[in-house]
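Taking it in order: structure first as structure tokens, then the write-up.
The values are calculated or read from the model by the stated rules, or taken from the named source; none is laboratory data. As the structure is a prediction and not an experimental result, all values here were calculated from the model. No Cβ is skipped: glycine too gets one built from the backbone with ideal geometry, and neighbour counts run over all protein chains shown. SASA here: full protein model, heavy atoms, side chains in, ligands and nucleic acids out. Shrake-Rupley method; radii C 1.70, N 1.55, O 1.52, S 1.80 Å.
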Amino acid sequence: MDDTFSYSLIRIIPDRRRGEWVNVGVVVYLADRLDIRLLDNLSKLRVIAPTFDTSFLKQLPATWERMCETLHTVQGRQELLSHMPLAHASPLAEFVADDGTYED
């Protein structure tokens, strides 16, 4: 049976004056946790902002998971993550998948 999942893109805005952002991953809001996937290749970010320090991305999944531990709604978690300073969650979107296609 197919399930509907809510997700947000993970965006970095390296220079707010220019208003550009780069998508660096996705967060899927599961019932009991966040499923955070980051891109392996950040070359687009390096082109736009060659001096931007991306080291915080290694801790981002664990940090966001801890921040959302006590929030039990998708909207509440997305609202919190949409206001993060270096990397933030985009507006909500949805996709449909079953157990066999979720990873794809």
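What the table below lists for this structure:
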| item | result |
| --- | --- |
| Förster radius 30 Å - calculated FRET efficiency between N23 and A62, Cβ distance, rounded to 0.05 | 0.90 |
| The chain, relative contact order in percent, only Cα pairs under 8 angstrom and at least six apart counted | 40 |
| Backbone HN-Hα couplings from phi across the stretch 84-91 [Karplus 6.51/-1.76/1.60, Hz, Gly and Pro as x] | 6, x, 8, 10, 9, 8, 6, x |
| Cβ-Cβ FRET estimate between R37 and D15, R0 fixed at 30 Å, reported to 0.05 | 0.75 |
| Mean residue ellipticity (222 nm) of the chain, computed from DSSP H runs ≥ 4 via -39,500 (n - 2.57), nearest 500 | -5500 deg cm²/dmol |
| Solvent-accessible area, 1.4 Å probe, carbon plus sulfur percent, for the chain | 52 |
| Ordering of 72-78, 4-10 by packing [mean C-beta count within 10 Å, highest first] | 4-10, 72-78 |
| Solvent-accessible area per residue for the chain (1.4 angstrom probe, square angstrom) | 65 |
| Convex hull volume per residue in cubic angstrom - Cα atoms of the stretch 1-54 | 108 |
| When the stretch 35-104 is reduced to its Cα atoms, the Kirkwood hydrodynamic radius in Å | 14.3 |
| J(HN,Hα) series, the stretch 18-26, from Karplus relation 6.51 cos²θ - 1.76 cosθ + 1.60, nearest Hz, glycine and proline x | 7, x, 8, 9, 10, 6, 10, x, 9 |
